[in-house]
Amino acid sequence: MSADFGQSWARFAFATIAVGSLAVPTLAQSLRQEADCRGVLIGTAVRPAQFSELPYTTTLVREFDLIQPEDVMKWSTIRPDRTTFDFTAGDQVVAFAAAHKMKVRGHTLVWGRHNPLWLESAHYTPAELSALLHEHITRVAQHFRGKVFAWDVLNEAFDENGKLRSSIWYDQPGIGLAGKGTAYIEQALRWTHAADPDALLFYNDAEGEALNPKSDALYAMVKDFKRRGVPVDGIGMQMHIFDLHPDVPSIGANIARFTALGVQIHITEMDVALPADPDTGNLRNSEDLLRQAAVYREIAAACLAHPGCTAFQTWGFSDKYSWIRSYFRGNKGAALPFDEKYSPKPAYRALKEAFADASCDR
Ligand code: XIL
């Protein structure tokens, strides 16, 4: 079903309205209601510093049933120094989720970036780093046990050619498994599983959404892990989109091949960055908003077409708080479904229609 409700979409009621003797399905009031029967969690990244901003929380609670801390479960927040574990902000995310019947994805236990300076600069030996990582994973996963239902255990371990990236955890100097391929990834998954046997464990990355050398490498890794019983439950496809014409059939085929291995797919960080003028912040072309809407619709539909795609998450929800503008020094922006004043954009309506179009028994 697709309908052009113009600006008045919000006045339409949930379930059905009677037109003559016909019951005509209408769009539900929120994404969350629309996703409910379809077995897909609808999520977004959050910044707990914004929980005191009423339009932020109103929109968040109305539209989403899954949240993931954008930054506050990273090493950079949790580990201000070698001995401290600061769970304050992460706990705020968990408490917010519990108060509003939402699930929480954890992000992230092992990443070569956004690590604290004390960790990067201390020149630890592999044995020391191994002990540090084991301790970190164990403490963090145990702390959030029963509260975080799925972890991005590892983030961005492969480059765009499908080779393992150099990182403090892999080979600089690494945890003692440098040159042994995906063995350090396996080790991190096993430590996380030992600390929280009930959490779903994900490997999360960008650039491997479509069929390409990187997703081939991820596929080979997951196939090997599944065959040997390494605890991996899913692949997170970040889905940061900068090119407004992604190869959606290829993304669909990639989702299909991973889910056929018996792992879940979560779309974890979707945003669609639009060209902007760095001086004024204005979009270069207002028609891009419609193209952006089409991209959101097509990617959501690709996820919904596969029962193994079980969560669809955006990286923030309002253009007021998005990493895109600073990452692209103002040359791109407006990447999310709500504008800076929390008004829904065409992308929001497109997402809702994609969910409405999907069957409730996928
Ligand atoms: C970004 C956050 O959005 C920023 O606030 C932070 O400054 C840097 O990290 N891929 C990821 C996310 O997995 O953790 C990144 O988040 C965006 C790219």
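Annotations for the structure displayed:
- The residue list 352, 345, 341 contains one member that is more than 16 Å from the ligand (Cβ to nearest atom), surrounded by 23 or more Cβ atoms within 10 Å (Cβ to Cβ) and among the basic types (Lys, Arg), which is 352.
- Among residues of the range 310-327, those that are near the ligand (Cβ under 8 Å from one of its atoms) and over 15 Å from the mean Cα position of the chain (by Cα), counted: 2
- Test: residue 71 is farther than 22 Å from residue 175 by Cβ, within 16 Å of the ligand (Cβ to nearest atom), surrounded by fewer than 20 Cβ atoms within 10 Å (Cβ to Cβ) and of a type outside the set (A, V, I, L, M, F, W, C): yes
- Among the residues of the range 34-48, those identified as open to solvent by less than 30 Å² (accessible area, probe 1.4 Å), closer than 18 Å to residue 151 by Cα and touching a Leu at 6+ places or on another chain (Cβ under 8 Å) are 40, 42, 43, 44, 46.
- Across the range 103-148, the number of residues qualifying as within 17 Å of residue 68 (Cβ to Cβ), open to solvent by less than 20 Å² (accessible area, probe 1.4 Å) and of a type outside the set (Gly, Ala, Ser) comes to 9.
- Hits in the range 232-250 (condition: under 20 Å from the mean Cα position of the chain (by Cα), open to solvent by 10 Å² or more (accessible area, probe 1.4 Å) and away from the ligand (no atom under 16 Å from the Cβ)): 233, 243, 244, 246, 247, 248, 250
- Here 22, 27, 31 are screened, and the one residue that is crowded, with 20+ Cβ neighbours inside 10 Å, modelled with pLDDT under 95 and among the hydrophobic types (A, V, I, L, M, F, W, C) is 27.
- Qualifying residues in the range 32-48 (those that are part of a strand (DSSP E or B) and of a type in the set (A, V, I, L, M)) - the one nearest to the ligand (Cβ to nearest atom): 45
The values are calculated or read from the model by the stated rules, or taken from the named source; none is laboratory data. Everything quoted here is computed from the prediction, not taken from an experiment. For neighbour counting, all protein chains shown are included, and Cβ atoms are generated from backbone atoms with ideal geometry for every residue, glycine included. Surface accessibility is based on the protein's heavy atoms, side chains included, excluding ligands, DNA and RNA. Shrake-Rupley method; radii C 1.70, N 1.55, O 1.52, S 1.80 Å.
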